[in-house]
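Visitor: Structure provided below as structure tokens; questions to follow.
The values are calculated or read from the model by the stated rules, or taken from the named source; none is laboratory data. Because the structure is a prediction, the values reported are computed rather than measured. Here the Cβ is made from the backbone with ideal geometry for all residues, glycine too, and neighbour counts use every protein chain on show. Calculation scope for accessible area: heavy atoms of the full protein, side chains included, ligands and nucleic acids excluded. Shrake-Rupley method; radii C 1.70, N 1.55, O 1.52, S 1.80 Å.
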Amino acid sequence: GISLARDAAVPRPGHCSDENRFEQYGIIGRSPALLKVLETVERVAPTDASVLITGENGTGKELVAKAIHDLSRRSSSPLVKVNLGGISQSLFESEMFGHARGAFTGAAADRKGRFEMADGGTIFLDEIGDLDFSCQVKLLRVLQEHTFEVLGDSRPRRVDIRVVSATNADLPAMVREKRFREDLLYRINLITLHLPALRERREDIPLLVTHFASQSGHDVEFTPEAMELLTRYPYPGNIRELRNLVERIIIVSGKSVIGRDDVEAVAGKAGCSEGEESEVVMTLDDMERRAITDALRRCDGNLSRVAALLGITRQALYRRMEKYGITQ
């Protein structure tokens, strides 16, 4: 995929210094890494180009997909979200293309599929890297021909959709390993948007903390020392983990002014002392490993609770435990 093909036919909106335009989607920040992504979003949204949003869990891929849809010519039509990781191979066709009454045992009524629901609008294919190889062929056909067949009805139906996909997987690597179809990858990533991890945009953390605090329903403020400490954690679960952490600190402290000690009481020490900023960059893996082992200890090894505490999915937790050789 290309980062962006400049299309002379597309009017280029102004530089996205109009942050409020994206804040309404919960996309908060002014770091160069984020602004670069948002500038591309503004240029791409008015087109019908397929977009692949990549990035770690918790970086806000779904929020960006919504912004792309709302800033497009299709904004008055539906945005249909599909988590492909949650659809089994056996239900894929019925879920995506729909079925006619009597198509199989238990099909008591006609059912509209997700593609038909998205007609005229945008379909957001989340976790596309989790899609079973056999289902990838069926998906590719719809994306290439813009036609599909309802289960139990052989008449092809046309569909007018824009496709936005998202994944935290390395799709080019999966193509090399023959786990993801190369032709499908070309079809979904005319434009690729990579969302930076939170550790790559630490200057946005104070803005995010203030935003989450204002959403909490409590009238609280964080001292500069507390805010400085919050910017130094590794956040393997990215923005989702930060939001969970801010909510827990507010509830546990019960204070209107939250200090460094209140943050440490919930999150522990940041893993480096004053004046060792360079060490943060060098030992992120160590800090992430420590965050996981601390969470395992605090949750008595309950992986569901550990994943919730870190703000990541169980699958992401398994992958990181495997990466760091952490066993229970």
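Visitor: Using the heavy atoms of the protein chains and a 1.4 angstrom probe, tell me the accessible area per residue for the chain in square angstrom.
Guide: For the chain, the per-residue accessible area is 49 Å².
Visitor: Tell me the accessible surface of residue 186 in square angstrom (1.4 angstrom probe, heavy atoms of protein chains only), to the nearest ten.
Guide: Roll a 1.4 Å probe over it and residue 186 shows about 150 Å².
Visitor: Something else now. Which value in deg cm²/dmol, rounded to the nearest 500, describes the helix-derived mean residue ellipticity at 222 nm for the chain, given -39,500 (n - 2.57) per DSSP H run of n ≥ 4 and division by the residue count?
Guide: The helix contribution divided over the chain gives -12500 deg cm²/dmol.
Visitor: Sort out the exposed loop GluC sites (Glu not before Pro) in the chain (DSSP loop, at most 13 other Cβ within 10 Å) and tell me the longest stretch that has none.
Guide: 1-176
Visitor: Additional query: From the cross-link list 61/255; 61/138; 81/178, which pairs have alpha carbons spaced over 29 Å apart?
Guide: 61/255
Visitor: How would 99, 218 line up by accessible area, probe 1.4 Å, largest first?
Guide: Per-residue accessible area, sorted high to low, gives 218, 99.
Visitor: Note down the nm distance, to one decimal, between modelled labels 7 Å out along Cα→Cβ at residue 175 and at residue 221.
Guide: Distance between the two pseudo-spin positions: 5.2 nm.
Visitor: Per 10 Å bin, what is the whole-percent P(r) computed from every C-alpha pair distance within the chain?
Guide: 5, 23, 29, 24, 14, 4, 1
Visitor: Using the Kirkwood formula on the Cα atoms of region 156-275, what hydrodynamic radius do you get, in angstrom to one decimal?
Guide: Evaluated on region 156-275, it is 17.3 Å.
Visitor: Can you tell me how region 20-88 classifies by the Cα gyration tensor, rounded, prolate or oblate, using a/c under 1.5 as the rounded cut?
Guide: Oblate is the answer for region 20-88, as a/c is 1.5 or above yet b/c matches or exceeds a/b.
Visitor: Roughly how many percent of the accessible protein surface of the chain is carbon and sulfur, given a 1.4 Å probe and a whole-percent answer?
Guide: 49 percent
Visitor: Using every pair of alpha-carbon atoms in region 37-159, split the distances into 5 Å bins beginning at 0 and state the percent of pairs per bin, rounded to integers.
Guide: Over region 37-159, the share of Cα pairs per 5 Å bin runs 2, 10, 19, 21, 20, 15, 7, 4, 1, 0 percent.
Visitor: Using modelled backbone amide H atoms (1.01 Å from N, in-plane), which distant-in-sequence or interchain residues come within less than 5 Å of residue 194's amide H?
Guide: Under 5 Å from the amide H of residue 194 lie the amide H atoms of 54, each far enough along the sequence or on another chain.
Visitor: Could you tell me the accessible area of residue 287 in Å² (1.4 Å probe, neighbours in place), rounded to the nearest ten?
Guide: The accessible area comes out at roughly 10 Å².
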